[in-house]
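Take a look at the structure set out below.
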Amino acid sequence: MAEDFVIEMLHITKEFPGIKANDDITLQLRKGEVHALLGENGAGKSTLMSVLFGLYQPEAGTIRKNGKEVQVRNPNDANALGIGMVHQHFKLVECFSVLDNIILGVEPNKLGFLQKSEARKKVVELSEKYGLRVDPDALIEDISVGMQQRVEILKMLYRDNEILIFDEPTAVLTPQEIDELMEIMRGFKKEGKSILFITHKLNEIMAVADRCTVLRKGKYMGTVEIAKTTKEELSRMMVGRDVQLAVEKEPAHPGDVVLDVQGVTMYNAAHKKNSVNNVSFQVRAGEIVCLAGIEGNGQTEFVYGLTGLEKLASGKIQMDGKDITSASIRQRSKDGMSHIPEDRHKHGLVLDYTLEKNMVLQRYWQPEFQNHGFIRQDKVREYSDRLIQQYDVRSGQGSLTIARSMSGGNQQKAIIAREIDRDPKLLVAVQPTRGLDVGAIEYIHRQIVAERDKGKAVLLVSLELDEVMNLSDRILVMYEGEIVGEFDPKTTTVQELGLYMAGARK
Amino acid sequence: MNKKKLSHTGMRSSLTSVLAALLCILIGLVCGYLVLLAINPAHAWSDGFVRILKGGFYDAPYGIGKMLANGAPLVMTGLSVAFAFKTGLFNIGAAGQYTLGAFGALYCAIVLHLPWYVGLLAATIMGGLWGAIPGIFKAYLNINEVITSIMFNWIGLYLVNEIIYGNGMGVMYDSRNTRTWNLRRLEGAEGTMIPDFGLNKVFQTNSTTIAIFLAVIVAVLIWVILEKTTFGYELKAVGLNKNAARYAGINEKKNIILSMMIAGALAGFGAGLFYLSGVSEWNPLNSTSLPAMGFNGISVALLASSNPIATIFSAIFISHITVGGSFLSTKYYPTEVADLISGIIIYLCAFSMLFRGKIHGLLFGGKRADKTNVNAEPAPAAQKKEGK
């Protein structure tokens, strides 16, 4: 052993019939480093990590810890080896408190009686030490995604894990939360913990990682020192071609007002306050208006109100001059509103339906797809096959794939295909590139710009400042349920937006 | 290419379901045999086990006729539960809906002397109403349908008993037989019974009517609704993901209520088939037990993996075993043993869901660990593995 590797995965091969998810992949993690694992959606990153975490058994290859070969048969083995993982989709019990979730599986007890007070002490200590702010008594279902992630991190720390795997941790975070997470990771590094950091985001790798291993389509592309590489080189390694990192678009030519929102106010009964307060703005045909803000400042609620998922407390919404304030969801959809929802699992897909059934989720009732109440199966298949091809949605069995089994990126592509292909007047896109790789983001951004250029009105809700700056023609910043400023992306800066988003300026 | 794959995957999953069901039946039969052995080892085989296994065929053709007569309503209660399952609801209230259906059918026949098809319609409507109530509670107040439908089982039972009995003076009550009037002998009730088109002659019974065929038709109809129509698409979408259904503009409240209503209607229709075939009369004094038909519907649905077509077969099988139990020799076995044995088998049938995953793994390979959907990403490969 020339070098001090804490974990080595040597020549790992994991096959599923018809596909080699991992093909002879080697990954060596040094003690006290942040090691990024980069790859497109479906490149085999999560499979590799699942092998390390004991969820899959590899066909070939060995895993070594501190130079000694080990067997990881299940997550308990992984835990015993000090390996902890924050999954992309959190594994939390929604109706349990933060503390209960952290101790779940390793509950301190005396004769079978829970000893929560010591657990609480340890959790509070850990959260202070690493700056992981949580309320131990809050229920998971009541806290933000960012806080849920901190709970997942605390779970690993509580188990004294030394090797921390983060599976796309920033996909769901706000810019500020991402900065915080980076800081937390640096803190871990100082403590001598080793971090495996799965991500698509080159900025984050450049900011926090020491080395980076790149996978492409299940194959090992190489490991590079971050100090000696560039974003462009990394993306080339990952995608296999040069990627346009910035969006190319012509200036907008806004036309008539499509969406007119006047004084929309929404009330949150759980928090006993207005989640959205007197919001008014317009979106014109042929422009992309972005609603920017830190998560939890009323964007989600506003979109629920706009799309009809929730009722407004007051205000008025007009689309193409027609009052749709109290129209049904279906009616809004008929009137030309498309909605790429924030939560693709909750709203976007019926996960246990096949892909083709999901492709017609918004259209199954149209004459094209049904005849006297009978679904025209052949038309559905035809349509779904076309969308899959046109929008490059990759899945195991094409139209017949169960949506649940698809990768997150391809699920998202399917939703985007479905919503854009409806030829809407207004496209409401909430976090459309959440959790996607640069190749897919490039593609989706181009689609959105293309929609704009076709004269559609686009309302983009995004937490990612890069996306906000790149894509939008106008930026509205939302803070605590109110719009606190309107900006032109050409003349504003990320710093200025950040100040408004944080409520430091109004 | 896609079509080929479809039939392949589809066939595999149906094959798995069928094998799981058969395995459950086998285990149930073995357990039943062990009980017979424990009670009276000398006669367990020929006087006990074989009779149960032969079911209606032990005393053919009468037994077969009886099996079919009892099977028809069981298909319906099985369908009722299966339909609710498919739409994400657990209809444990089939017994109550069945009770109300029985009332509707008998009222039309005994009091109003209406033709059988009107009686069936009334049974369907009554069952549907009784099913809709838990649906309304679920849709608007988010009260779990299991709780409400259990309570409505008992409310329905006591209500119906009270009305029929009417302190011994009820118009539908034949105090001499302590049951509702026998339709065959009731004056003016001609035509209130479901026609048999000679089936009774064939089976030498008096209650084998075309009910079983009606049940089969309804089962096929339900399959078509669930698999082929936009209505079924909506119902299942609501069942699988209420939020996504809502997002897609589906009125999820309406669909929950409709779903429970249809489930109830199916159970009610089953009661109509049973009582208008004159298999038995309603006994309002037996007020402590709900009709077993309702709960057996749950077993039927589980055994059939909630597939409407498979429901026909699983219901007939359970009916077969139950009839077989009734032929147990009373010389060697107390009469309760019959219920016990068929109960054990039916109970084990409910386990088929458990075996399905295991059988699939055994047949089509795959280490246990690899089937866990650990996150969205590796899963496509796993899916391929199962589906290849």
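All of the numbers you see were taken from the coordinates with simple rules; none came from a lab. Fair warning: this is a prediction, and the values are worked out from it, not measured in the lab. In this analysis, Cβ positions are derived from the backbone assuming ideal geometry, glycine residues included, and neighbour counts consider all displayed protein chains.
So that you can scan it fast, the table gives a plain yes or no per residue for (1) surrounded by fewer than 23 Cβ atoms within 10 Å (Cβ to Cβ); (2) part of a loop (DSSP other than H, G, I, E, B); (3) within 14 Å of chain B (Cβ to nearest Cβ):
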{"residue": "A:Gln28", "(1), (2), (3)": "yes, no, no"}
{"residue": "A:Gly61", "(1), (2), (3)": "yes, no, no"}
{"residue": "A:Asn76", "(1), (2), (3)": "yes, no, yes"}
{"residue": "A:Lys91", "(1), (2), (3)": "yes, yes, yes"}
Strands (runs of 3 or more DSSP E) enclosed by segment A:273-378 - at least 3 residues per element that are over 28 Å from A:Thr401 (Cα atoms): A:273-284, A:288-292, A:314-319
Conditions (1) surrounded by 21 or more Cβ atoms within 10 Å (Cβ to Cβ); (2) under 30 Å from B:Asp174 (Cβ atoms); number of the one not met by B:Ala304: (2)
Criterion violated by A:Lys14 - all others in (1) within 14 Å of chain B (Cβ to nearest Cβ); (2) outside any strand (DSSP E or B) satisfied: (2)
Residue match in segment A:411-422 (condition: more than 10 Å from chain B (Cβ to nearest Cβ), more than 24 Å from A:Tyr304 (Cβ to Cβ) and basic (Lys, Arg)): no
Subset tally (residues that are under 17 Å from A:Ala417 (Cα atoms), facing chain B (nearest Cβ under 7 Å) and free of Cβ contacts under 8 Å to residues at least 40 places away in the same chain) for segment A:343-356: 1
Single residue of A:Ile324, A:Ile329, A:Ile340 found to be within 23 Å of A:Leu460 (Cα to Cα) and at the interface with chain B (Cβ under 8 Å from one of its Cβ atoms): A:Ile329
Residue check, B:Ala244 within 30 Å of B:Phe197 (Cβ to Cβ) and surrounded by 19 or more Cβ atoms within 10 Å (Cβ to Cβ): no
Considering residues of segment A:299-354 that are touching an Asp or Glu at 6+ places or on another chain (Cβ under 9 Å) and β-branched (Val, Ile, Thr) only, the residue nearest to A:Ser395 (Cα to Cα): A:Ile340
Residue in segment A:364-383 that is closer than 30 Å to A:Val214 by Cα and among the β-branched types (Val, Ile, Thr) present: no
Members of segment A:382-393 found to be buried (at least 19 other Cβ atoms within 10 Å of the Cβ) and either on the phi > 0 side of the Ramachandran plot or within 11 Å of chain B (Cβ to nearest Cβ) (or both), listed by number: A:Ser384, A:Ile388
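Hey, does segment B:171-188 have a residue that's in a loop (DSSP other than H, G, I, E, B) and touching a His at 6+ places or on another chain (Cβ under 6 Å)?
Within segment B:171-188 (the criterion being in a loop (DSSP other than H, G, I, E, B) and touching a His at 6+ places or on another chain (Cβ under 6 Å)), the answer is yes, since at least one residue qualifies.
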Whichever residue in segment A:147-201 is hydroxyl-bearing (Ser, Thr, Tyr) and not in a helix (DSSP H, G or I) and, among such residues, is nearest to A:Val214 (Cα to Cα): A:Thr199
Hits in segment B:240-256 (condition: in a helix (DSSP H, G or I), at the interface with chain A (Cβ under 9 Å from one of its Cβ atoms) and either in contact with a His (Cβ under 9 Å, 6 or more places away or on another chain) or under 23 Å from A:Asn371 (Cα atoms) (or both)): B:Asn243, B:Ala244, B:Ala245, B:Arg246, B:Tyr247
Residue that is surrounded by the most Cβ atoms within 10 Å (Cβ to Cβ), among those in segment B:257-296 that are in contact with an Asp or Glu (Cβ under 8 Å, 6 or more places away or on another chain) and either free of Cβ contacts under 8 Å to residues at least 60 places away in the same chain or part of a helix (DSSP H, G or I) (or both): B:Met260
Selection count, segment B:297-341, where residues are at negative phi and not in a helix (DSSP H, G or I): 10
Set A:Ser117, A:Ser127, A:Ser50: member being outside any loop (DSSP other than H, G, I, E, B) and in contact (Cβ under 8 Å) with a residue 12 or more places away in the chain: A:Ser127
Only one of B:Val279, B:Val218, B:Val224 that is within 14 Å of chain A (Cβ to nearest Cβ), more than 15 Å from B:Asn91 (Cα to Cα) and within 20 Å of the chain's Cα centre (by Cα): B:Val224
Segment A:191-208, subset in contact (Cβ under 8 Å) with a residue 24 or more places away in the chain and over 25 Å from A:Ile294 (Cα atoms), residue nearest to the chain's Cα centre (by Cα): A:Leu196
Residues being in contact with a Leu (Cβ under 9 Å, 6 or more places away or on another chain) and acidic (Asp, Glu) - total across segment A:104-134: 1
Identity of the residue in segment A:19-42, more than 14 Å from A:Glu8 (Cβ to Cβ) and among the β-branched types (Val, Ile, Thr), that ends up farthest from the chain's Cα centre (by Cα): A:Ile19
Members of segment A:254-272 that are assigned to a strand (DSSP E or B) and over 21 Å from A:Met337 (Cβ atoms): A:Tyr267, A:Asn268
Check on A:Lys68, farther than 23 Å from A:Met206 by Cβ and free of Cβ contacts under 8 Å to residues at least 12 places away in the same chain: yes
Selected residue [within 13 Å of another protein chain (Cβ to nearest Cβ), in contact with a Pro (Cβ under 8 Å, 6 or more places away or on another chain) and within 21 Å of A:His87 (Cα to Cα)] from A:Asn22, A:Asn41: A:Asn22
Checklist (1) over 29 Å from the mean Cα position of the chain (by Cα); (2) surrounded by fewer than 15 Cβ atoms within 10 Å (Cβ to Cβ) applied to A:Glu250, failing item: (1)
Test set (1) over 23 Å from the mean Cα position of the chain (by Cα); (2) surrounded by fewer than 24 Cβ atoms within 10 Å (Cβ to Cβ); (3) in contact (Cβ under 8 Å) with a residue 40 or more places away in the chain; (4) under 30 Å from B:Ile163 (Cα atoms) - B:Thr180 fails condition number: (2)
